[in-house]
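Engineer: Handing you a structure now.
The values are calculated or read from the model by the stated rules, or taken from the named source; none is laboratory data. Quick caveat, the model's predicted, so the values are computed rather than measured. FYI the Cβ positions are ideal-geometry reconstructions off the backbone, even for glycines, and counts take in every protein chain you see.
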Amino acid sequence: MGQFYDEIPETHIAWIKKQEMFFVATAPLSADGHVNVSPKGVRDSFHVESRSRVWYEDLSGSGIETISHLKENKRITIMFCALEGAARILRIWGTGRVFEFGTPEYEELIPSEKRMTGSRAAIVVDVHKVGTSCGYAVPIYTFKSHRSALLTWSEKMEKLDEDFAADPTACPHGPEALPVSPTSPGSAPYSAFFSFSSRSISDPSEHAGATTRAYAKRSMKWWWAGWNLRSIDGLPGLDTAHVVDAVPRMGEEAKRGLKAQGAAPEPPSDGTVVILGNRVPRAGRWEAALGRLTPASGEEAVRLVLACSLGIAIAAICVGVVGMRTC
């Protein structure tokens, strides 16, 4: 039977901190707006400040739904569920505030040495109710590793921001002027994320006469300005992260923490996955606008070599058989 509390029970805080992932749910006020649920999973990104307040470091992604909804109505639900060990589901209902990268509130919560690459905001939630339930409908999983691909690509993109700040002419993909605020609802829709290579976010018809700012193409701030200014329902997203002078960099303490955690090799993609505008092929090397990564895993590389060798052997046998028949 479910139980409800006005604050996070002291006995549950340690359990929350052990969880490797959580889910965030928000919704716009509009009756036909899109309800959003986002999985979160980078270790050390969630923090329990007190029994009545929690916050998490929001990393860059394709959309800006959570931030947009919070700016409109502040409603948010965070859910943890036990995937290992004894069953439990815990929900935190609260009101959320958004502190974007470069603001004093963000820097107070996330000092530069602790900032994770790709971090665009701190989401602070004031708790007004907590609920627990059994969780026996949730499957049992064994945690293997956090994924590294998003952080790897984010670090590459932020390096372009850093180089551009030091020398605006040092852009391998060139600079691009983008509007600092959206010029029309949905001008950079979520669906465009999946056709990234065929869409130009610098279409003059979209922001003629708008105030613009130059960015290094394929950089993190360029991504924020192009894809994170409005939700799929047209609600405002980021306001300032993409225009502050601060340069996004991963903190040294955060680097050490991630290195200590380690990460399992990334499984091969099915060819439909996109990381911050960079398409991941089905197998082999991850090639995209920012350059190349090593193969997804050593095992995958071995499989590819064996498959090629087997194909060559079969072809040789077929050629031999055909040759014998023609003799």
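Engineer: Evaluate the stretch 260-280: report whether one residue or more is among the hydroxyl-bearing types (S, T, Y), modelled with pLDDT under 60, surrounded by 14 or more Cβ atoms within 10 Å (Cβ to Cβ) and more than 20 Å from M116 (Cα to Cα). If you could, list the steps in order and put the result at the bottom.
Structural biologist: If we filter the stretch 260-280 for residues that are among the hydroxyl-bearing types (S, T, Y), which is where we start, we get 269, 272.
Of the ones still in play, those that are also modelled with pLDDT under 60 are none.
No: zero hits.
Engineer: Which one of the conditions (1) closer than 15 Å to H242 by Cβ; (2) at pLDDT 90 or above; (3) loosely packed, with under 13 Cβ neighbours inside 10 Å; (4) among the hydroxyl-bearing types (S, T, Y) does Y141 fail to meet, given that it meets all the rest?
Structural biologist: Result: Y141 fails condition (1) only.
Engineer: From the list I16, I67, pick out the single residue that is in contact (Cβ under 8 Å) with a residue 12 or more places away in the chain, in contact with an Asp or Glu (Cβ under 9 Å, 6 or more places away or on another chain) and assigned to a helix (DSSP H, G or I).
Structural biologist: On the way: I16 fails: in contact with an Asp or Glu (Cβ under 9 Å, 6 or more places away or on another chain).
Exactly one residue qualifies, and that residue is I67.
Engineer: Take the stretch 98-132 and flag every residue that is touching a residue at least 60 places away in the same chain (Cβ under 8 Å), assigned to a strand (DSSP E or B) and buried (at least 20 other Cβ atoms within 10 Å of the Cβ).
Structural biologist: Passing the criteria: E100, S119, R120, A121, A122, I123, V124, V125, V127, V130.
Engineer: Could I ask something else about it? Give me a count of the residues in the stretch 218-263 that are under 18 Å from the mean Cα position of the chain (by Cα), farther than 23 Å from T66 by Cα and of a type in the set (A, V, I, L, M, F, W, C).
Structural biologist: 3
Engineer: Quick one: in the stretch 10-19, which of the residues that are surrounded by 15 or more Cβ atoms within 10 Å (Cβ to Cβ) and not aliphatic (A, V, I, L, M) is farthest from K144 (Cα to Cα)? Break it down stepwise before answering.
Structural biologist: Restricting attention to the stretch 10-19, the residues satisfying the condition of being surrounded by 15 or more Cβ atoms within 10 Å (Cβ to Cβ) are 12, 15-16, 19.
Restricting the remaining residues to those that are not aliphatic (A, V, I, L, M) gives 12, 15, 19.
Working: H12: 23, W15: 18, Q19: 13 Å.
For the stretch 10-19, the residue satisfying everything is H12.
Engineer: Take the residues of the stretch 29-64 that are without any contact (Cβ under 8 Å) to a residue 24 or more places away in the chain and part of a loop (DSSP other than H, G, I, E, B): which is nearest to G96 (Cα to Cα)?
Structural biologist: Among those residues, the one meeting the criterion is V35.
Engineer: In addition: Where residues in the stretch 55-84 are out of contact with any Phe, Trp or Tyr (no Cβ under 7 Å at 6 or more places or on another chain) and among the hydrophobic types (A, V, I, L, M, F, W, C), which of them is surrounded by the most Cβ atoms within 10 Å (Cβ to Cβ)?
Structural biologist: Restricting attention to the stretch 55-84, the residues satisfying the condition of being out of contact with any Phe, Trp or Tyr (no Cβ under 7 Å at 6 or more places or on another chain) are 55, 57-59, 61, 64-76, 81-82.
Adding the requirement that they be among the hydrophobic types (A, V, I, L, M, F, W, C) leaves 55, 59, 64, 67, 70, 76, 81-82.
Details: W55: 20, L59: 18, I64: 27, I67: 25, L70: 22, I76: 21, C81: 18, A82: 17.
Selected residue: I64.
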